[in-house]
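The values are calculated or read from the model by the stated rules, or taken from the named source; none is laboratory data. This one's a predicted model, so the numbers in the text were calculated from it and none came from an experiment. A quick note on method: Cβ atoms are made from the backbone with ideal geometry, for glycine too, and the neighbour counts reach across all protein chains shown.
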Amino acid sequence: MPTQKILTLDNLSLQEIDTDAELIPLLTPEDEEEMNNETLPGELPILPLRNTVLFPGVVIPITAGRDKSIKLINDANVGDKIIGVVAQKDENVEEPTAADIHTVGTVARILRVLKLPDGNTTVILQGKKRFEIDAVTTDEPYLKARIKEVAENRPDEKDEEFSAIIDSIKELAIQIIRESPNIPTEATFAIKNIESNPFLINFVSSNMNLSVEEKQKLLSVNDLKDRALETLRYMNVEFQKLELKNDIQSKVRFDLDQQQREYFLHQQMKTIQEELGGVSHDQEIEEMRTKAKSKKWEEKVAKHFDKEISKLQRMNPQSPDFGIQRNYLELFLELPWNEYSKDKFDLKNAQKILDRDHFGLDDVKKRIIEHLAVLKLRNDMKSPILCLYGPPGVGKTSIGKSIAEALGRQYVRISLGGLRDEAEIRGHRKTYIGAMPGRIIQSLKKAGTSNPVFVLDEIDKLSSSFNGDPSSALLEVLDPEQNSDFYDNFLEMGFDLSKVMFIATSNSMTSIQPALRDRMEVINMTGYTIEEKIEIAKQHLLPKQLKEHGLTSKDLQIGKKQLEKIVVGYTRESGVRSLEKKIASVVRNAAKSIALEEEYNIKITDEDIIKVLGAPRLERDKYENNETAGVVTGLAWTSVGGDILFIESIISKGKGALTMTGNLGTVMKESVTIALEYIKSNAEKLGIDTEVLEKYNIHIHVPEGATPKDGPSAGVAMLTSLVSSFTQKRIKKSLAMTGEITLRGKVLPVGGIKEKILAAKRANIKEIILCKENKYDIDEIKPEYIEGLTFHYVDTMEEVLEIAITNQKVKNPKKL
């Protein structure tokens, strides 16, 4: 198959197309003479071209995609192969009409029609003569128009100026070809071999980098000399641009080193990723700027953000700092600057929510309602820092959710247990690899508002290490006078925490440093009474466990009496976690019976409880008898609530030595020493023979020796136990006591009274001895919780002994 070389409009380049035709030579003067003598038909089909202009004598390939154009080409190819070619005014018009095309065009002959594999049709056209549209006769199935030939004024052959213009065009065309790296050198030979001056002008005009409008103007010029001058002018402009471009390239050209080569490859990869659907860095920065416009931040924050985003814009995307800076700006945009949720001020509804979710806890509920009331009146009050203090399982953490719902705020919780890195609170500086904001700022970002209910769980379990002291970092967070401008190391800006309602939870106040404790309002959440536990189990725990195990109240029912048996016989904690586990065991047993299709009692009986949970294990903390001298019931506070404590003393012949066992702490040992010295100094008043004190050894023991015990509150019990042993007299029945003693014989107040009272009631104690100054603690307890208890308020040890020790001797007393 021969190869036809066709000069195309691609900057004088050559394109090879396989055809069956002979090699088409360049237009000679004889060919031009023959073409000029051809007579044009009166009407021609019009082929509109989108983005090119056909000049007389020039051969160009055209790809036809429109149905009308394909129909026109096919019809003309079967006929005389003569068509009219006209440029469109607007290349975006799909169905051009008479108003959308230029009036001056070129008559063309179809040299070849090619069907390409992609379904398109390519036609090779050669321009013949210029024409002007007289009138469009039809537009279906394609445009047809009456035409008339446009006369061309040609200069005389002896016109030296015209010859000079032609020579200049040839020389300048050759220079452009040599200067341009995109044009093949074969085009030089083509220019030199063109003999026809009109064809040379048309050929160069067709292949210059001009717009369609500019080429159309050249085609419309009737005077050939004027067209040649205009063509030369365009060529000069093109040549000057090319020289300037080459000059700039030569100045900035340099050898690429390894780093630049990698950067170039990275840029290529970025471009590929963008083509595959990624986002460019410029677009990403622009999106950040757009988001920033909707933020409600202050002018100082806005200026800081603009400064930081400008810094990002100057950074190399391959730099390690680029990712850190982008994360920093994303955090800035995601933080809820001055965005607040609207508080609900329906106090009655808030009370209902708190009562629905938690039974008891009246002090906490009262404080929340008070806060809502003040907030409703002022509407700008700084949120308080509450610390819910109490044993595990009493609902300290879960009440935060109820408070958030009652206030209509977002709920956020972070656990501080074991936290020992200050950066967890304040964040890392951006200079470190892997830098992150602190957990306070991170949690606010997740919450989406600047006034959530923020629960700081287990604040008493913060620890310190070489990484700093997190509890000290919390001082700024939890100080209402400072947290309006909380500084995070990563954020590098102050953030307002004054509207956040912080709720801390703690099992112990002793491990919290005083400065931090001073910033919080402590609300004591003591343990539950038996009655409260039964109600909690009935209203909350049992329905919850039934739901979690896929059962309903129709599948299992636990009566109030059976719930009381579980509470009394199987749980002794202040909270309700163990109680919930026991109820879960009963529910699981029912679920197993249903799954195995076994018979079971829907209404649980006492026997069912014993069958599932075993025999009651907590009878040991019931009150023990007073048949033995020296056995006294004390009251103790533990981290899981109150408990009763048995103090035993015994005397044996010896030399007055004192022995103490039971894993006692220093303070408790001192209480024993004080009690013994008080007895020695007041022996006659107490009816004790001084010789007994010198001839008998004393041994004091507190059972459960593996458990460490310390504190001053067992002082009165130690004294009573020793006096009972020395006098061999009975201790009053169903009596317990707590209080610190002094050498002067004073009884001092102690803490944890409510927990101790609840423990005493669980143990069926009837009477309790307390210091008079502890009376206000009893007044704060609901009367129904202390029903059946008798309180003795004392000032001195003599009063304690008068109440506690009877005049009756114990059975089988020792002969002293």
When every residue in region 117-147 that is without any contact (Cβ under 8 Å) to a residue 40 or more places away in the chain and of a type outside the set (Ser, Thr, Tyr) is compared, the one nearest to Lys217 (Cα to Cα) is Glu132
Only residues in region 240-261 that are within 28 Å of Ala173 (Cβ to Cβ) count as the first member; pair them with residues that are at pLDDT below 80 and of a type in the set (Asp, Glu), Cβ under 6 angstrom, at least 6 apart or cross-chain, and list the lot.
Leu242/Glu179
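Restricting to region 705-724, what's the tally of residues that are surrounded by fewer than 24 Cβ atoms within 10 Å (Cβ to Cβ) and part of a helix (DSSP H, G or I)? Break it down stepwise before answering.
Taking region 705-724 as the starting set, the residues that turn out to be surrounded by fewer than 24 Cβ atoms within 10 Å (Cβ to Cβ) are 705-712.
With the extra rule that they be part of a helix (DSSP H, G or I), the set shrinks to 712.
Within region 705-724, residues that are surrounded by fewer than 24 Cβ atoms within 10 Å (Cβ to Cβ) and part of a helix (DSSP H, G or I) number 1.
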Among the residues of region 92-113, write down those that are over 20 Å from Thr137 (Cβ atoms) and surrounded by 15 or more Cβ atoms within 10 Å (Cβ to Cβ).
Arg109, Ile110, Leu111, Arg112, Val113
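Being touching a Leu at 6+ places or on another chain (Cβ under 7 Å) and surrounded by 17 or more Cβ atoms within 10 Å (Cβ to Cβ) is the requirement here; does Val702 meet it? Give the steps one after another, and end with the answer.
On the way: touching a Leu at 6+ places or on another chain (Cβ under 7 Å): yes; surrounded by 17 or more Cβ atoms within 10 Å (Cβ to Cβ): yes.
In short, yes.
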I want to confirm something. Restricting to region 114-130 and keeping residues that are at pLDDT 85 or above and among the polar types (S, T, N, Q), which single residue is surrounded by the fewest Cβ atoms within 10 Å (Cβ to Cβ)?
Thr122
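Considering each of Gln249, Gln259, Gln240 in turn, give the residue that is modelled with pLDDT of 85 or more, surrounded by fewer than 16 Cβ atoms within 10 Å (Cβ to Cβ) and more than 30 Å from Ala151 (Cα to Cα). Break it down into steps so the answer makes sense when it comes.
Values: Gln249 fails: modelled with pLDDT of 85 or more; Gln259 fails: modelled with pLDDT of 85 or more.
One residue alone meets the criteria, Gln240.
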Checking Ile512, Ile534, Ile558 in turn, the sole residue that is β-branched (Val, Ile, Thr) and in the same structural domain as Val412 (by the TED database) turns out to be Ile512
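On the given criteria, is Ala187 more than 20 Å from Thr52 (Cβ to Cβ), assigned to a helix (DSSP H, G or I) and not assigned by the TED database to the domain that holds Leu49?
Working: more than 20 Å from Thr52 (Cβ to Cβ): no; assigned to a helix (DSSP H, G or I): yes; not assigned by the TED database to the domain that holds Leu49: yes.
For Ala187, the condition - more than 20 Å from Thr52 (Cβ to Cβ), assigned to a helix (DSSP H, G or I) and not assigned by the TED database to the domain that holds Leu49 - is not met.
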Flag if Ser506 is touching a strand residue (DSSP E or B) at 6+ places or on another chain (Cβ under 7 Å), surrounded by 22 or more Cβ atoms within 10 Å (Cβ to Cβ), farther than 26 Å from Lys342 by Cβ and among the hydroxyl-bearing types (Ser, Thr, Tyr):
yes
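Looking at region 684-704, can you tell me whether even one residue there is among the acidic types (Asp, Glu), closer than 22 Å to Lys775 by Cα and in the same structural domain as Ile651 (by the TED database)? Steps first, answer last, please.
Step one: list which residues in region 684-704 are among the acidic types (Asp, Glu), which gives 684, 689, 691, 694, 704.
This time we only want the ones that are closer than 22 Å to Lys775 by Cα, so: none.
The answer is no, given that none of the residues of region 684-704 is among the acidic types (Asp, Glu), closer than 22 Å to Lys775 by Cα and in the same structural domain as Ile651 (by the TED database).
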Take the residues in region 725-754 that are assigned to a helix (DSSP H, G or I) and within 50 Å of the chain's Cα centre (by Cα), then tell me which one is farthest from Ile805 (Cα to Cα).
Lys754
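I need the full set of residues from region 769-802 which are β-branched (Val, Ile, Thr) and more than 23 Å from Arg730 (Cα to Cα), in order please.
Filtering region 769-802 for residues β-branched (Val, Ile, Thr) gives 769, 778, 781, 786, 790, 794, 796, 800.
Once the filter is applied, which keeps residues that are β-branched (Val, Ile, Thr) and more than 23 Å from Arg730 (Cα to Cα), region 769-802 yields Ile778, Ile781, Ile786.
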Look at region 718-762 and say how many of its residues are of a type in the set (Gly, Ala, Ser), in contact with a helix residue (DSSP H, G or I) (Cβ under 7 Å, 6 or more places away or on another chain) and farther than 20 Å from Asp777 by Cα.
1
So in region 686-698, with the set limited to residues that are touching a residue at least 40 places away in the same chain (Cβ under 8 Å) and closer than 16 Å to Thr720 by Cβ, which one is surrounded by the fewest Cβ atoms within 10 Å (Cβ to Cβ)?
Gly687
Starting from residues that are touching a Phe, Trp or Tyr at 6+ places or on another chain (Cβ under 7 Å) and of a type in the set (Val, Ile, Thr), keep the ones in region 175-201 and report whichever is modelled with the lowest pLDDT.
Ile194
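Right, Gly84: assigned to a strand (DSSP E or B) and small (Gly, Ala, Ser) or not?
Spelling it out, Gly84 is indeed assigned to a strand (DSSP E or B) and small (Gly, Ala, Ser).
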Single match in Ser463, Ser511, Ser484, Ser443 (criterion: at pLDDT below 85, in a helix (DSSP H, G or I) and of a type in the set (Gly, Ala, Ser)):
Ser484
Restricting attention to helices (runs of 4 or more DSSP H) lying wholly within region 517-574, give those where 1 or more residues are among the hydroxyl-bearing types (Ser, Thr, Tyr).
560-570
For region 631-698, list the strands (runs of 3 or more DSSP E) that sit wholly inside it and hold at least 2 residues that are at pLDDT below 90; which are they?
631-638, 641-653
Could you list all residues from region 771-816 that are under 60 Å from the mean Cα position of the chain (by Cα), over 21 Å from Gly527 (Cα atoms) and not hydroxyl-bearing (Ser, Thr, Tyr)?
Cys771, Lys772, Glu773, His792, Val794, Asp795
So how many residues does region 529-578 have that are within 22 Å of Glu784 (Cβ to Cβ) and of a type in the set (D, E, K, R)?
11
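To keep it simple, each residue is scored yes or no on (1) in contact with a Lys or Arg (Cβ under 9 Å, 6 or more places away or on another chain); (2) under 30 Å from Met501 (Cβ atoms).
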{"position": "Glu299", "(1), (2)": "no, yes"}
{"position": "Phe305", "(1), (2)": "yes, yes"}
{"position": "Arg314", "(1), (2)": "no, no"}
{"position": "Ser319", "(1), (2)": "no, no"}
{"position": "Gly323", "(1), (2)": "no, no"}
{"position": "Tyr328", "(1), (2)": "yes, yes"}
{"position": "Leu331", "(1), (2)": "yes, yes"}
{"position": "Asp343", "(1), (2)": "yes, yes"}
Tally up the residues in region 530-560 that are surrounded by fewer than 22 Cβ atoms within 10 Å (Cβ to Cβ), more than 15 Å from Ile602 (Cα to Cα), touching a residue at least 40 places away in the same chain (Cβ under 8 Å) and over 35 Å from the mean Cα position of the chain (by Cα), please.
5
So the helices (runs of 4 or more DSSP H) completely within region 319-426 holding 1 or more residues that are surrounded by fewer than 16 Cβ atoms within 10 Å (Cβ to Cβ) are 320-334, 347-357, 362-378, 398-407
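Working only within region 699-746, note down all residues that are touching a residue at least 60 places away in the same chain (Cβ under 8 Å) and at positive phi. Full working, then the answer.
Let us first name the residues in region 699-746 that are touching a residue at least 60 places away in the same chain (Cβ under 8 Å), namely 709, 711, 713-714, 716-743, 745.
Of everything in region 699-746, those that are touching a residue at least 60 places away in the same chain (Cβ under 8 Å) and at positive phi turn out to be Gly711, Gln728, Ser734, Gly739, Gly745.
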